[in-house]
Amino acid sequence: MKKVSILFVANSFGDDTIMYMSRIAKEFGIELDAHILYIGGCDINTHIKNLINNSPKYEYRLVNEDYDNIITQYDYIANEAINNYWDYIVLQQQSSLAGMKNGLNNLDQLIELIKQINPNKDTKYIWNMTWSYPNGSTHPCFVDFNNDQAIMDKGILDNIIEHIIPNKTFSKIIPVGLGIKQLRNYLPNNIIHRDMFHLSFDVGRYLASLLAIKTIFDIDIDNIKFNPINMDEKVKKEIISCVDFAS
């Protein structure tokens with residue numbers, strides 16, 4: 001079985017994306033060592049500050065195939081995690097800032113700090129495209145987008161086009177935002193989300209993890225057997241179709 005390591009430097013939206021990745025990868029013959037440096041709501045500037053100051057602010061989680069038994073170390077210094085031989089490092093912005101003009105302005109500084117710490121010069125860097133809040137969300141930052149999902153979607157996509165696609169550091173973009181946008185055409189928001197901004201523990205996270213595995217490893221997931229909650233086959237097919245659409 002092929003062994004691969006991946007590190008998310010992220011927040012709760014990264015937590016949503018990584019949840020089922022190891023279990024899905026296993027079905028395709030990949031032993032995925034999937035970790036996340038987690039602070040809820042963490043943005044790029046906070047990551048930068050923490051790296052500069054060696055701050056023990058993170059939860060460092062191993063999200064293995066037994067996702068009911070996540071291993072967490074608390075008060076962890078991000079520099080210590082990054083100082084390993086990762087095959088992939090995934091970055092993202094805090095959810096509301098990802099769609100704000102100038103929301104990715106300090107991304108290059110974060111990248112350079114990570115590259116200075118990471119000993120593996122062959123690590124591939126990936127951007128995780130987060131998703132908009134659905135209409136009706138009570139997230140306090142939604143007002144910055146006039147409480148309009150379409151405006152937030154456009155802001156996220158504009159930043160991808162302006163800052164991520166031209167950035168030669170990133171080998172790939174995980175288009176979770178596009179997948180979730182498409183899934184909203186088929187399923188109600190209370191099925192996709194658990195609180196009208198984070199993803200639901202089954203449907204939403206399943207789509208995000210499928211998109212991550214398909215994007216990173218160029219795998220056809222159309223006939224995947226794994227199903228986190230034995231969901232209805234019709235729902236599963238709708239999720240897979242949205243993954244294919246987004247990727």
Subject >> Asp75/Glu112 FRET efficiency (R0 35 Å; Cβ-Cβ; nearest 0.05) >> reply: 0.85
Original post:
What is the Cα coordinate range of the chain on the first, second and third principal axes, sorted by size from largest, in whole angstrom?
Top reply: 47, 47, 33
Original post:
Binned at 10 Å from 0, what are the whole-percent values of the Cα-Cα distance distribution for the range 121-247, short to long?
Top reply: 13, 42, 33, 12, 0
Original post:
How big is the range 1-88 by the Kirkwood estimate over distinct Cα pairs, in Å?
Top reply: 13.3
Original post:
Hey, what's the Cα Rg ratio for the range 175-219 versus the globular rule of thumb, 2.2 N^0.38 Å?
Top reply: 1.11
**OP:** Treat each spin label as a single point 7 Å out from the Cα along the C-beta direction, and report the Leu62 to Asp244 distance in nm.
**Re:** 3.7
**OP:** Give me the Debye-computed log₁₀ of I(q)/I(0) at q = 0.23, 0.32 Å⁻¹ for the range 69-118, equal point scatterers on Cα only, no solvent, two decimals.
**Re:** -1.00, -1.17
Subject >> Mean Cα-pair separation over length for the chain, i.e. relative contact order, pairs under 8 Å, 6 or more apart, % >> reply: 20
**OP:** Give, rounded to the nearest 20 debye, the magnitude of the charge dipole that the chain has about its Cα centre when Lys and Arg contribute +1 at Cβ and Asp and Glu contribute -1 at Cβ.
**Re:** 260
Subject >> Which listed pairs, of Lys3/Lys101; Lys26/Lys49; Lys181/Lys237; Lys26/Lys237; Lys168/Lys234, have C-alpha distances above 27 Å, in listed order >> reply: Lys3/Lys101; Lys26/Lys49; Lys168/Lys234
**OP:** Can you tell me the FRET efficiency between Phe201 and Lys121 if r is taken as the Cβ-Cβ distance and R0 is 30 Å, rounded to the nearest 0.05?
**Re:** 0.20
Original post:
When each pair of different Cα atoms in the range 58-190 is counted once in the 1/r mean, what is the Kirkwood radius in angstroms, to one decimal?
Top reply: 16.6
**OP:** Provide the net charge surrounding Asn11, with neighbours chosen by a C-beta distance below 14 Å and charges set as Lys +1, Arg +1, Asp -1, Glu -1.
**Re:** -2
**OP:** Could I have the simple spin-label model distance between Ile165 and Glu27, label points 7 Å from Cα toward Cβ, reported in nm to one decimal?
**Re:** 3.1
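Only the coordinates and a few stated rules stand behind these numbers; no lab work does. Owing to the predicted nature of the structure, the values given are computational and were not obtained by experimental measurement. Neighbour counts run over all protein chains shown; Cβ positions are idealised from the backbone, glycine included.
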